[in-house]
Amino acid sequence: MCHPWLAAGVAGFLGVLIVREIVPVVRNGEGDTPLEHGLLGQGLRRWFRARIEPLVDLLLDAGVRADAVSAVQLAMSGLCGLTYARGWVFTGGWLLLSAGTLDVLDGSMARKHDAAGPRGAFVDSVVDRYGEAAVFLGLAARFRGGWPLWAVLAAAFGAFMVSYTRARAEGLGVECSEGMLQRPERYVLIGGASMFGALAAHLTCMPIAAPALLVGALVAVAVLANITAVQRALTVVRRLG
Amino acid sequence: MSDVRSRLPYGVLGVFLVLLGAGTMLDGDWRIRGGILVIGGAAMLALERRQP
C-alpha cells in the first residue's frame, strides 16, 4: 500500500533538516579534504560529533556507561537486520543510521569519561562487527533468491575487509585509518538510499523504487569497500617496506 | 552538570522518534503506533525550540 501524502510530509521534514543542518556544513566545509579520509569529509564528521555532544553529556550525567550504549547499538543493529529481512526498507535505513549514531556516541562517551582504552576499543570493534553482520544478514534474507544477494555478500565482505586490514596493520604496529568508504560512509550510503528509495516508492506508488535504490547503494558499497580494503592493503605493504 | 540538565537533547530524540514513527507507518501500515511515535517526536522538537 502506498502513502504519497505521508511520504511527501516525511520528505519535507527531511528536506528542512538537510537544508538547515547539513547544507551550511557542506557549503562552509573543507572541499579540500582528501577522499582518502572518507567520502563524508571532516566537516560533516565534526558537525555530527558536535550535534550529539549534549547526548553524551546527558548520558554520562545519568551514569550510563559506554558499554551499555554499545549493547543498545548491537540490539538496534539486530532490529535493523530484522526490519530489512521483513522488507521494511525505510525503518531499516533509519535504524541503521541510528545504530551508526550510537557507534559514534559510545566512543565519545568513553573518551570523555576517560574510559577509552584497549578493553573498550576491543569491545567496540567486536560489537561493530556483529552489528554489521546482523544488518547484512537481514539484507541477505531480503534479497535471497535474486542476483542482489551477490551485491550484499560482496558488500559484507568488503566491509569486513576494510576493518580487517586496519586491525591486522595495527597488530603489526602500522597505523592505517585512511580509506574513502569507512563505516560512517557505509551507514550513510545504505541507510540514506533505503530511506530515500522507500520515500520515492511511496511518492510515485512504484514499489520497485525502494529495492532499486537500495540495491544500487549495495553495489556501490560492494565496489568502493573492496577498493578501500585494497587501498589500505597497498598502503600497509608500502609502509612495511 | 546543571547546564546539561537544563539543555536536554530533545531535538535529537525528536528527530529519531518522528522518523521511526513515519517508518512504521510507511512500511508496516501501523498508523496508530506510528502516529503515537510521530506525535511524541513532534512534541520533543517543540520542547527543543522552547529551550533557551
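The values are calculated or read from the model by the stated rules, or taken from the named source; none is laboratory data. What you see is a predicted model; the values in this text were computed from it and never measured. Note that we place each Cβ from the backbone using ideal geometry, even for glycine, and neighbour counts take in every protein chain shown.
Restricting attention to segment A:16-35, and to residues there that are more than 20 Å from the chain's Cα centre (by Cα) and at pLDDT 90 or above, which single residue is farthest from the other protein chains (Cβ to nearest Cβ)? Only one residue tops the list, namely A:19. Residues that are surrounded by fewer than 17 Cβ atoms within 10 Å (Cβ to Cβ), modelled with pLDDT under 75 and either in a helix (DSSP H, G or I) or of a type in the set (Val, Ile, Thr) (or both) occur in segment A:36-43; there is at least one. Would you say residue A:10 is within 11 Å of chain B (Cβ to nearest Cβ), at pLDDT 90 or above and assigned to a helix (DSSP H, G or I)? In short, yes. None of A:212, A:222, A:233 is buried (at least 19 other Cβ atoms within 10 Å of the Cβ), part of a helix (DSSP H, G or I) and among the hydrophobic types (A, V, I, L, M, F, W, C) except A:222. Would you point out the residue of segment A:113-128, among those that are in contact with a helix residue (DSSP H, G or I) (Cβ under 9 Å, 6 or more places away or on another chain) and over 16 Å from residue A:163 (Cα atoms), that is modelled with the highest pLDDT? It comes out as A:120. You will find that of A:110, A:156, the residue that is modelled with pLDDT of 90 or more and not in a loop (DSSP other than H, G, I, E, B) is A:156 and no other. Among the candidates A:197, A:158, A:191, the residue that is crowded, with 21+ Cβ neighbours inside 10 Å, touching a residue at least 60 places away in the same chain (Cβ under 8 Å) and either farther than 23 Å from residue A:87 by Cα or in contact with a strand residue (DSSP E or B) (Cβ under 7 Å, 6 or more places away or on another chain) (or both) is uniquely A:158. Name the residues in segment A:195-241 that are more than 30 Å from residue A:177 (Cα to Cα) and among the hydrophobic types (A, V, I, L, M, F, W, C), would you? Those that are more than 30 Å from residue A:177 (Cα to Cα) and among the hydrophobic types (A, V, I, L, M, F, W, C): A:198, A:199, A:200, A:201, A:203, A:205, A:206, A:208, A:209, A:210, A:212.
Tell me yes or no: at least one residue of segment A:140-152 is on the phi > 0 side of the Ramachandran plot and either modelled with pLDDT of 95 or more or within 14 Å of chain B (Cβ to nearest Cβ) (or both).
Filtering segment A:140-152 down to residues on the phi > 0 side of the Ramachandran plot leaves A:145.
Next, from what is left, pick out any that are either modelled with pLDDT of 95 or more or within 14 Å of chain B (Cβ to nearest Cβ) (or both): none.
Checked against the condition, which is being on the phi > 0 side of the Ramachandran plot and either modelled with pLDDT of 95 or more or within 14 Å of chain B (Cβ to nearest Cβ) (or both), segment A:140-152 yields no hits at all.
Can you say whether residue A:132 is away from chain B (no Cβ under 14 Å) and more than 15 Å from the chain's Cα centre (by Cα), as far as the supplied structure shows?
For residue A:132, the condition - away from chain B (no Cβ under 14 Å) and more than 15 Å from the chain's Cα centre (by Cα) - is not met.
A search for C-beta distances below 6 Å between a residue of segment A:230-241 that is within 22 Å of residue A:159 (Cα to Cα) and any residue that is at pLDDT 90 or above and surrounded by 11 or more Cβ atoms within 10 Å (Cβ to Cβ), counting only pairs 6+ apart in sequence or on different chains, returns A:232/A:165; A:233/A:165; A:236/A:169; A:236/A:174.
Just checking, does segment A:98-119 include any residue being in contact with a Leu (Cβ under 8 Å, 6 or more places away or on another chain), more than 20 Å from residue B:25 (Cβ to Cβ), buried (at least 20 other Cβ atoms within 10 Å of the Cβ) and touching a residue at least 40 places away in the same chain (Cβ under 8 Å)? The answer is yes, given that some residue of segment A:98-119 is in contact with a Leu (Cβ under 8 Å, 6 or more places away or on another chain), more than 20 Å from residue B:25 (Cβ to Cβ), buried (at least 20 other Cβ atoms within 10 Å of the Cβ) and touching a residue at least 40 places away in the same chain (Cβ under 8 Å). The test for being buried (at least 23 other Cβ atoms within 10 Å of the Cβ), within 11 Å of another protein chain (Cβ to nearest Cβ) and free of Cβ contacts under 8 Å to residues at least 60 places away in the same chain does not hold for residue A:94.
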